[in-house]
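Remarks on the structure that follows.
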Amino acid sequence: MRRFLDALYWVCGALAGLMLIALCVVMMLMSVGREFGINLKGGDEISGWLCAALCFGGSFVCTSSSHNDDGSQSGGIVVVNP
């Protein structure tokens with residue numbers, strides 16, 4: 001189960017990273033397109049959905065816990081000792 005959760009956290013982190021790159025690309029296309037008179041229809045909505053996906057995926061990764069070498073488990077600020 002632990003390996004499955006670690007893989008799930010890794011996938012969510014990778015997807016959050018891809019969402020961040022996609023958000024950057026959409027916002028740059030909107031900015032540059034505005035200079036050339038090209039309107040990216042729905043760009044605001046796309047960037048909003050990408051922000052929501054980024055926050056969900058990133059928060060899922062941040063709440064994941066990791067095991068330390070001494071057997072304690074840490075997840076963000078809280079450290080749980082066995």
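Side notes on the structure shown:
- Computed over segment 2-61, the alpha-carbon pair-distance distribution with 5 angstrom bins reads 4, 20, 22, 18, 12, 9, 7, 4, 2, 1, 0, each value a whole percent.
- Each Cα pair under 8 Å and six or more residues apart adds its sequence gap; the mean of these over the residue count of segment 2-61 is a relative contact order of 53 percent.
Since every read-out is calculated from the coordinates, none of them should be taken as a lab result. Keep in mind it's a predicted model, so treat the numbers as computed, not measured.
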